[in-house]
Amino acid sequence: MLEAEVKLQLDGARESRLRARLDALGASAQGSDLQTDLYLAHPTRDFGATDEALRLRQSRGRIRLTWKGPKLDPPFKTREEIEIDAGTDFDQARSLFERLGFAAVAEVRKQRETWQLPAPAEALVVIDAVDGLGSYCEVEVLTTTAAEGRSRLEALLDRLELADLPPVATSYLELLLAAPTPDRP
């Protein structure tokens, strides 16, 4: 299976309308949690060049290790994803990868609110408040092909009344690394 995803930037009014639309469509709120994502660089392969990502995520007291393969149909983000449980000790997981030669690239922190759309849509919708970046929405579906994923996502964006927003093709990591900071205008 592939994960097909589209990301959209939201302003405050659009975020409120999205919550109301999710409620009207019968989506069930799955809760909110603080997530910390640590992205890792491979010691001999440039993940930026291969369009891959390796991430440790701390969420709800658990650690998940995720590898994301290259995007198949930008600006939609359909890609292979492998994710495994990595226990509960974030520092130990990080130390393991550092001992293997991986280096921390950056940390992305966000407050994530998750909604599940019922069948026939069977989609996950998240609203993220990302430290240093603002508010975003991600809509995700599981699919067998990039074309099917794109079609389902476009239909969902229509139902969610978000089709007029431009998709954001870059990851939170890429957005954060490109954002101006006091030492980098």
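The values are calculated or read from the model by the stated rules, or taken from the named source; none is laboratory data. Since this is a predicted model, take the numbers as computed values, not measurements. Counting neighbours? That spans all protein chains shown, and the Cβs are built from the backbone with ideal geometry, glycine included.
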> Across region 125-166, what is the number of residues that are without any contact (Cβ under 8 Å) to a residue 40 or more places away in the chain and outside any helix (DSSP H, G or I)?
Replying inline: 5
> How many residues, within region 92-123, are of a type outside the set (Lys, Arg), part of a strand (DSSP E or B) and touching a residue at least 60 places away in the same chain (Cβ under 8 Å)?
Replying inline: 12
> Name the residues in region 129-149 that are crowded, with 18+ Cβ neighbours inside 10 Å, under 16 Å from the mean Cα position of the chain (by Cα) and more than 20 Å from Gln35 (Cα to Cα), would you?
Replying inline: Val141, Gly149
>> If the requirement is being at pLDDT below 95, within 16 Å of the chain's Cα centre (by Cα) and buried (at least 17 other Cβ atoms within 10 Å of the Cβ), which of these qualifies: Leu173, Leu177, Leu124, Leu153?
In response: Leu173
> Taking Leu72, is it under 18 Å from Glu3 (Cα atoms), touching a strand residue (DSSP E or B) at 6+ places or on another chain (Cβ under 8 Å), touching a residue at least 60 places away in the same chain (Cβ under 8 Å) and not β-branched (Val, Ile, Thr)?
Replying inline: yes
